[in-house]
Each structure stands twice: as C-alpha cells, then as structure tokens.
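The values are calculated or read from the model by the stated rules, or taken from the named source; none is laboratory data. The structure presented is a predicted model; accordingly, all values stated were derived computationally and were not measured. Neighbour counts are summed over all protein chains in view; Cβ atoms, including those assigned to glycine, are modelled from backbone coordinates with ideal geometry.
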Amino acid sequence: MAAPDGGAALPAYFSRLSARAQRIYLASNAIERLNLSATPVAREHNARLLRALEAGAPAAVQRAAQALLDELCQLARLGLVQVEVMSVRPHNARGELHGIFYPRGTSTSAIRPSANSVVPPRPLIVLWMRTAQRHDVVKPRTFLRTLMHEFGHYLDYALLRLGDSPHTTGFFKRESFLVRMLGSPPDDHENY
C-alpha cells in the first residue's frame with residue numbers, strides 16, 4: 001500500500017488498523033530525528049556502559065545503563081525511566097527477547113516511600129545481556145541498539161506524545177539517530 005505522502009509503502013496491516021492507530025502510525029513514521037544532542041557526560045556514560053558490558057557483570061551494566069538514560073531523560077526534560085538488566089535472554093520457537101518496555105512500569109517497580117502513599121511506578125525498560133543458547137555476553141553495539149530501541153518507545157510516549165509506539169520506518173530512524181548521537185561502538189558481528 002502506498003503511503004499517503006508518496007513516501008515508503010505502508011505495511012499490509014495498515015488498512016486493518018483503527019483510524020486512531022493509523023494517525024499514530026503516520027505521525028510516528030513522519031518523525032525521523034529528535035531535537036537532542038549528546039553531551040560529553042552522555043558520551044562518557046555510554047563509554048562506561050560499553051566497558052561494563054565487556055566485563056559481563058549485570059549489576060555494573062545496569063548502573064551504567066541507568067546513568068546513561070538518566071542523562072538522556074534530563075536532556076529531553078523528561079521524567080526518569082527505570083532500567084533493569086537481566087542475565088540470559090528468554091526464548092521460544094519465535095526467537096530470543098532482547099528487551100521490553102513497560103510504559104506504566106510493573107507492580108514490582110513501584111516505589112513506596114511510606115505505607116500511606118503510593119507513587120505510580122516509573123516506566124520500565126528490561127534488557128537481557130546474555131544470549132539464550134550460548135549465554136555469551138551480547139556485543140556492545142547490539143546491547144546499545146536494544147537499549148536505544150526501548151528508550152525510543154519511552155520517547156514516543158513521553159516526548160512525542162504519540163499515545164502508542166509502533167515500529168514504523170520513522171521509529172527505526174529515530175533509534176539509529178540515538179545510537180549515532182552517542183557515538184556508536186565500532187561495527188562487530190552482531191551476537192544474536
């Protein structure tokens with residue numbers, strides 16, 4: 001199906017989407033870049049993350065990923081998103097899960113400062129740092145791209161206010177923009 005603006009073809013399922021979902025899809029597809037620039041602090045957090053990943057310690061990777069996303073959220077003037085780094089990727093017949101984004105967090109991520117108050121959970125990104133079959137630490141570029149992919153979903157909700165976060169061509173261009181902005185690690189053989 002041809003895109004209404006004469007751009008890239010729309011997926012076959014586009015016509016089956018509700019009118020609201022079609023509007024969100026087209027809005028997402030039209031945005032290829034974000035008005036963000038990486039600071040030296042963000043680049044340093046990225047470098048720390050990649051070093052921590054090479055060491056293979058999930059707690060260190062989680063701390064480094066959290067510091068990077070905290071800086072990016074501050075740059076975008078957004079509330080913080082929580083990151084959890086797990087060890088071995090879950091898998092099934094369809095493949096391995098690299099990461100997942102929960103816009104409303106999870107019940108276990110709620111922070112309760114006192115018994116009388118309940119703070120809504122922060123949005124949550126969960127990533128896995130080891131492959132399912134061989135339990136190898138994923139390559140830095142793969143991990144960073146997955147982190148920026150899930151962070152891109154957060155930006156769709158919190159910054160772009162799309163109301164949903166479909167995998168459009170524009171979404172993947174924004175993901176690539178984020179990776180390039182941070183100074184992506186050198187190409188390596190992706191470790192899926």
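Taking the criterion of being modelled with pLDDT of 80 or more, under 29 Å from Glu54 (Cα atoms) and outside any loop (DSSP other than H, G, I, E, B), would at least one residue in region 104-121 satisfy it? No, there is no match, as no residue in region 104-121 is modelled with pLDDT of 80 or more, under 29 Å from Glu54 (Cα atoms) and outside any loop (DSSP other than H, G, I, E, B). Number of residues in region 19-39 that are over 18 Å from the mean Cα position of the chain (by Cα) and modelled with pLDDT under 95: the value is 1.
Pick out the one residue from Arg63, Arg20, Arg51, Arg33 that is among the basic types (Lys, Arg), assigned to a helix (DSSP H, G or I) and over 17 Å from Trp128 (Cα atoms). The unique qualifying residue is Arg20. The single condition among (1) out of contact with any helix residue (DSSP H, G or I) (no Cβ under 6 Å at 6 or more places or on another chain); (2) within 18 Å of His98 (Cα to Cα) that Leu53 does not meet is (1).
Among the residues of region 66-101, those identified as part of a loop (DSSP other than H, G, I, E, B) and loosely packed, with under 15 Cβ neighbours inside 10 Å are Arg77, Gly79, Leu80, Pro90, Ala93, Arg94.
Cβ separations smaller than 7 Å between residues 6+ apart or across chains give the following pairs from region 123-147 residues that are closer than 12 Å to Pro90 by Cα to residues that are of a type in the set (D, E, K, R) and surrounded by fewer than 22 Cβ atoms within 10 Å (Cβ to Cβ): Val126/Glu84; Trp128/Arg89; Arg130/Arg89; Arg130/Asp136; Thr131/Arg89; Thr131/Glu96; Ala132/Arg89; Ala132/Glu96.
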